[in-house]
């Protein structure tokens, strides 16, 4: 491709993305505006829970405008490839714990690097409490989407996408009314920011998996990307921002990130609290300090610097756990061992999410039994019976 054509394509892409900062989601916005006008916005969660229990058979009881929204937003796109969906979910089945590490170590920090988009997260969060809730809810959506049957009719993944889409519309409504929104940031939760966030679950996650030692085939990577492309459609992302191929998706993602990444006090604060909350989710000394080192490794030095991620300390964060676990012996390949350790860290993260769901104040974290067994994630009962020691970690991880 000639330089002139490349420059023309970049110009057109920037024009499109700039226009997308003024575009949102009319379908969801109209529903939320009507519910607020009636004083019935809380009913959205009630009827969402009802549909999750009763499925499409219960749709006739759902009142308008929610019924129309659920029916229209729950349809998969005409271009969906169900074979690719199945293959994308199978990849998640195989590398789920590492995908969770990619989520918290790459996807979420990448979202915080968007200096304008992060303003919505900051305005609507209570920091310490909401960061942890956001980790749990985002991880739950990933498991629901990528779990078996997640994108089938009445699948948990479809319902989660519909719920998040409505939540985005409610946030737009409230932020606009708050008087704290700067129009220079574009619309709150606009199309460019929605697409950028979507790419963190596909493009950014796939890149992070490679850095974590798991390299999917070209077909597997395309399948994973396609699955999240379908989710983007369900969540109301403009189809012009949903390229068909992973290669095109990577180019568009990089164009968006190049436009929106910038240092901000809000992004740095969100990242600081994220690191603290990750240490809380995986307590003990074995993985102490690993979160910051992983984030810097996965997002790269430039992005880590604008987020003020602490400097990497591989000797403390990686070599120490390998030694404590008994994995660091003479002749060991450190890269292979690091990949094993990151997978173990991912399993501990998932167990931490399950443990956080034990409280009656929040819904339990759901993991399909087939994934729980495949990932060797302990149940609440097992976790309550055992206290973590390096020796027991080694014994189970080597099984």
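FYI, it's all coordinate maths here, none of it is from the lab. Note that the structure is a prediction, hence the values are computed from the model and not measured. Virtual Cβ from ideal backbone geometry, glycine too; neighbours counted across all protein chains shown.
What the table shows:
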read-out: Approximate shape of the range 143-289 as ellipsoid semi-axes (Cα gyration tensor, √5λ), whole Å, largest first; value: 25, 23, 18
read-out: Residues 228, 375 arranged by fewest to most Cβ contacts within 10 Å; value: 375, 228
read-out: Computed log₁₀ I(q)/I(0) - Debye formula, equal Cα scatterers, no solvent, the range 115-198, q 0.19, 0.22, 0.25, 0.27 Å⁻¹; value: -0.93, -1.13, -1.28, -1.35
read-out: Computed over the range 188-236, Cα set: Rg, Dmax in Å; value: 11.8, 37
read-out: Convex hull per residue volume in Å³, alpha carbons only, for the range 1-153; value: 196
read-out: Per-selection Rg to Rh, the range 85-140 - Cα, Kirkwood hydrodynamic radius; value: 1.07
read-out: Residue 180 paired with residue 366, simple spin-label distance in nm, labels 7 Å along Cα-to-beta-carbon; value: 3.2
read-out: Contact order relative to length of the range 11-157, as percent, for alpha carbon pairs under 8 angstrom and 6 or more apart; value: 21
read-out: Likely footprinting exposure, 241, 123, 307, fewest C-beta neighbours within 10 Å first; value: 123, 241, 307
